[in-house]
Amino acid sequence: FRRQEKELYKIADSIGCMSQKNIDYVHSHNPEVWLSKLHLLANWSRVNETKEADLRVKTSFELKDKFIAIFGGNFGIPQRIEILIEVAEKLRDKKDILFLLVGEGTEKSKIKNLITEKNIENVRILDQLPRETYLELLKECDVGLVNLSDRFTIPNIPSRTLSYWSLKIPVLAAIDKNTDYGDLLDKSGGGIWSVTGNTGAYISNLLSLYSNPEKRKQMGQNGYNYMISELNTEIAYKTIISRIQVL
């Protein structure tokens, strides 16, 4: 794989990277790659419709009167879902806080078993949903969760952020020390973060969002505004085209 990676770098005319730390990482580990080949190409997405939420969706999923912290995506080792279970266990007395996990992955059975063993009632797991159903459900949630393993050495910018921000959902993140995802959250004002493994800081951040609806609303709006101005498909298109035109 490493040989293939180096060959791709060699034949590529332009290499888009998700963040500045991605650019720095690729160049520092592959000094033979011309720095002029590397450029910023941030994650992008169309902005989802922000029409009023359908309260029937919340009722149909039995989520009425809950503060919902949602994780949507892959249940894999890099996501360290077990950290969410640890947090949920510490917050089991907060009966109105629900951790909603939606998706599939190699660690899903392990997480289910962990929930059963610890008799945790404030975590609910749903199978992967059709995109439209998931987005309707997402509109009903209060916080979007992002987890990055503390074992990551390559800077990672999670694309699920765009689903949250497009529906004005603020982000609560646990991140590794090598990513500049925290810089993105700080710059946009669209979420708050702590280092993965610092459970105390994570819980403090969660409770600050839980207890302050106005803060959640403002952060959700900030993320939405940042996505509109910096992470939309038009900007990505122009970035790619501009690189092609100079080749």
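Computed from label points 7 Å out along Cα-Cβ, the spacing between TYR237 and SER45 is 1.9 nm. Computed from Cα atoms, the angle from the helix 199-210 axis to the main principal axis of the chain rounds to 70 degrees. Computed on the chain, the Cα convex hull volume stands at 135 Å³ per residue.
Would you please give the FRET efficiency between ASP93 and THR153, computed as 1/(1 + (r/R0)^6) with r the Cβ-Cβ distance and R0 = 45 Å, to the nearest 0.05? With a Förster radius of 45 Å, E is 0.75.
With all protein chains kept in place, the per residue accessible area of the chain amounts to 54 square angstrom at a probe of 1.4 angstrom. Taking amide hydrogens as placed 1.01 Å from N in the peptide plane, the amide H of GLY191 sits under 5 Å from those of VAL171, each at least 5 positions away in sequence or on another chain. Spin-label model, ASN225/LYS110: points 7 Å from Cα along the beta carbon direction are separated by 4.1 nm. Applying 1/(1 + (r/R0)^6) with R0 = 35 Å to the Cβ-Cβ distance of ALA201 and TYR9 gives a FRET efficiency near 0.40. Each other residue within a Cβ distance under 15 Å of PRO170 adds +1 if Lys or Arg and -1 if Asp or Glu, for a net charge of +3. Given a Förster distance of 41 angstrom, what is the FRET efficiency for GLN245 paired with SER211, based on the Cβ-Cβ distance and rounded to 0.05? Approximately 0.20, to the nearest 0.05. Cross-link candidates for LYS90: which aspartates and glutamates have Cα within less than 19 Å, leaving aside residues fewer than 8 places away along the same chain? Here the aspartates and glutamates satisfying the reach criterion relative to LYS90 are GLU82, GLU117, GLU121.
Here the accessible area is traced with a 1.4 Å probe on the protein chains. For the chain, carbon and sulfur cover 51 percent of it.
Shown in residue order for the stretch 150-159 are the 3J(HN,Hα) couplings computed by the Karplus curve 6.51 cos²θ - 1.76 cosθ + 1.60 at θ = phi - 60°: 6, 8, 4, 10, 9, x, 10, 10, x, 6 Hz (x for Gly and Pro).
Karplus-based coupling profile of the stretch 126-139, in residue order and whole Hz: 10, 5, 3, 10, x, 3, 5, 5, 4, 5, 4, 5, 4, 4, with θ = phi - 60° in 6.51 cos²θ - 1.76 cosθ + 1.60 and x standing for Gly or Pro.
For the stretch 1-142, relative contact order (Cα pairs under 8 Å, six or more residues apart, normalised by length) works out to 23 percent.
The values are calculated or read from the model by the stated rules, or taken from the named source; none is laboratory data. Keep in mind that what you see is a predicted model, and the values were worked out from it rather than measured. We place every Cβ from the backbone using ideal geometry, glycine too, and count neighbours over all the protein chains shown. Accessible surface is based on the protein model in full, side chains and every heavy atom, while ligands, DNA and RNA are left aside. Shrake-Rupley method; radii C 1.70, N 1.55, O 1.52, S 1.80 Å.
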